[in-house]
Amino acid sequence: MILSSFPARPLLTLVIWGYLSLALAAGGTVKLEGVNGEMRKSIEAWLSLDDEPCDAPRWRLQTRLAQAGDEIRQALQAFGYYAPTVTPQLEHAGRECWRAVFNIRPGRRVHLRNIDIAIQGEGREDEALRKLISRAPLHSGDPLRHDRYDRVRDSLSHLAAERGYFKARFTRRELRVDPQAASADVHLHFDTGPRFHIGDIQIEQDALDTDLLQRYLEFHSGELYNRKALTDTSRALSGSGYFSRVLVEPLIDQAKNARVPIRISAVAADRHRYSASVGYTTDTGPRTGLGYRNQRINAQGHQFSSELSLSRVISKLTLGYSIPLAKPLTDRLKFEAGFKHEATDSYRADTSAVSATWTHLRDNQWLEERSLQASREEYKIGDDSPTASLLLMPGIGWTRTFADERLYPRRGLRLGFSGRGSLQSLVSDVSFLQLMAEAKGILGLPWRSRLIGRLNAGASAMNRFDELPVSVRFFAGGDTSVRGYSYKSLGPKNADGAVEGGRNLLTGSLELEHLFAPKWALAVFVDSGNAFNGTDVNPNTGIGVGIRWRSPVGPIRLDVAHPLDKDGDPIRLHFVMGPDL
């Protein structure tokens, strides 16, 4: 109604006027001849001419054109070209908008001649500073790059501050360029002064016992100052779950006698946290979950958690009680009790269990877990009669991860080794010993590609296999096993043809991934392996393609897999979220 009552001619005039205003406000075009790559981008960043609109008066364009010559020369100096020739041309006649063309000849390039970098003061023997200088991208004979000189100069200042040289200064800081000789000399003389130590540590918080909080600290009074230790402490306290805000700061203005006090201020987080979740994986199908966590039962940092997870394949209820130990960031004692219902294509099992797990980071950086679990399991394989089994099962395991990046590593390796078992003479209904190993590696390749390999192996020894609960038998197949086959659908079969699991396991995977966009990658893969008895693996193999999205919280993978034998579905989708390592 409003548009139909508005006069047509004024509306048309308004539209035409708006279009012409936008056209006139648009800028002209600038063409750079004789340069490309980084030099072109640098010149484009310096130029002010391209900000002029199409209706700019000619006198102003001529002024900008003359100014552009100086701007181009300044941009080229950053790359060592101190005597360029710039020929400008402004085209306007017969065009709706102006066009500027610059013919650029960079000329002779300046090269580095003498490199004079020296450290004085207490930092003269500091290995970190010495390593920085040895790796500095400044070498006699190299083309001059101002950004490299700036980076070395600034890196020295930043590293010195991070390592506690708060009185550091340059006694000489020069980049001397001789355009006639096309040479440049670098003079950086850096006096670090004394290195400061950690002084008094002031702690402001009311959530935890001071003794527990101090066990999170990566530094102590009297030690040499190192900013990394402060950052690591802040990260550890923030990730503990006890605090909503943490600030670890050096009080440099209060430093005396080369000792700097440190103040730690932390605000307690809410004790109670509730969560609800929905998700989907092809192994378990749709799932929902509810959780509750008491972040701080007492001042000693004890925590309580409960989690309910429901899905078509696996449903479970878990209650946990956790106690921080000497190194609370990595060392904990955890007690758990829970119930788990699992219904796969191969079996159905209901398990009630209680356990205690001690986790400890060893000095060699291997994470060690020792556990003791008591469980009662009722299970049914295929058409077999239900069976119940009782186990008292101690276990031990070690894991370690090496990676150049946490979320999306280009190079990385995860290793894991574990063992568990039981004795029929000690509560359990069956005696067995089981050893497992896993390895996953990532190797960066050219053209934004990665090669990802995975290997899982397991072996068991027991007195009676038919009395071993299915939860400790080996199965293969699924999202993280042999894709192309459903979850735990591969392994030895009983007389009725139902998969009953095996004593041993061997599976492997090889995947080639190519990043074709900043956050998207394509992958091709082959998986093979099986669960088996004896020594005959009789592997099942699946091949497929996948797409990867690098989400802010980690990779999300969607795979289409095809099994190479008649036991699997012709095509099977696999959807997984989780870290690469």
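Throughout, read-outs are computed from the coordinates displayed, never taken from laboratory work. Owing to the predicted nature of the structure, the values given are computational and were not obtained by experimental measurement. With ideal geometry, Cβ positions are generated from the backbone for all residues, glycine too; neighbour counts draw on all protein chains shown.
Data for the structure
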item: Computed lengthening from Glu204 to Ser385, 0.36 nm per intervening residue step minus Cα-Cα distance; result: 58.9 nm
item: Fraction of antiparallel bridges per DSSP, segment 26-105 only, in percent to nearest 5; result: 60
item: Cα convex hull of segment 273-323 - mean projected area over all directions, nm²; result: 3.6
item: Acute angle (nearest 10 degrees) that the helix 227-238 long axis makes with the longest principal axis of the chain, alpha-carbon atoms; result: 50
item: Label-to-label distance, nm, for residues given as Lys228 and Leu372 (7 Å Cα→Cβ offset); result: 4.0
item: Principal axes of segment 397-447: Cα extent on each, largest first, Å; result: 58, 16, 12
item: Ranked Tyr321, Tyr280, Tyr379, Tyr274, criterion: other C-beta atoms within 10 Å, fewest first; result: Tyr274, Tyr280, Tyr321, Tyr379
item: Extension gain, Arg135 back to Lys167 (0.36 nm per residue minus Cα-Cα distance, nm); result: 9.1 nm
item: Qualifying GluC sites (Glu not before Pro) in segment 352-448, DSSP loop, other Cβ atoms within 10 Å at most 12; result: Glu405
item: Segment Gln365-Glu467, extension gain: residue separation times 0.36 nm, minus the distance between their alpha carbons; result: 32.9 nm
item: Dipole in debye (nearest 20) - the chain, about Cα centre, beta carbon charges: Lys, Arg +1; Asp, Glu -1; result: 1380
item: Degrees between helix 8-25 axis and first principal axis of the chain (Cα, 0 to 90, nearest 10); result: 80
item: Angle between the chain longest axis and helix 146-162 axis [Cα atoms, degrees, rounded to 10]; result: 50
item: Under 22 Å from Lys41, Cα to Cα: lysines that are on another chain or at least 8 residues apart; result: Lys31
item: Rounded FRET efficiency, nearest 0.05, which uses the C-beta distance separating Ser306 from His158 and R0 of 45 Å; result: 0.45
item: Nearest-0.05 FRET efficiency for Glu91 and Ala299, computed from C-beta distance (R0 60 Å); result: 0.20
item: Compactness index (Cα Rg / 2.2 N^0.38 Å), segment 183-274; result: 1.41
item: Dipole axis of the chain (+1 Lys, Arg; -1 Asp, Glu on Cβ), positive-most option in Val545, Gln205, Asn533; result: Gln205
item: Segment 26-105, relative contact order [Cα under 8 Å, separation at least 6], %; result: 42
item: Entries in Lys228/Lys519; Lys167/Lys327; Lys316/Lys493; Lys440/Lys519; Lys327/Lys519; Lys316/Lys440 that, when Cα-Cα distance is taken, lie over 25 Å; result: Lys228/Lys519; Lys167/Lys327; Lys316/Lys493; Lys327/Lys519; Lys316/Lys440
item: Cross-link reach list, aspartates and glutamates versus Lys334, counting only Cα pairs under 13 Å and skipping chain neighbours closer than eight places; result: Glu369
item: Isotropically averaged projected area of segment 268-361, using the convex hull of Cα atoms (one quarter of hull area), nm²; result: 7.4
item: Calculated FRET efficiency for the pair Leu251/Leu435, C-beta based, R₀ 45 Å, to 0.05; result: 0.25
item: Histogram of C-alpha separations across the chain, 20 Å bin width, %; result: 14, 33, 30, 20, 3, 0
item: Where a label projected 7 Å from the Cα of Arg259 along Cα→Cβ would reach, residues of segment 203-246 with amide N under 14 Å; result: 220-225
item: Largest to smallest principal axis extent of the C-alpha atoms in segment 26-105, angstrom; result: 37, 21, 18
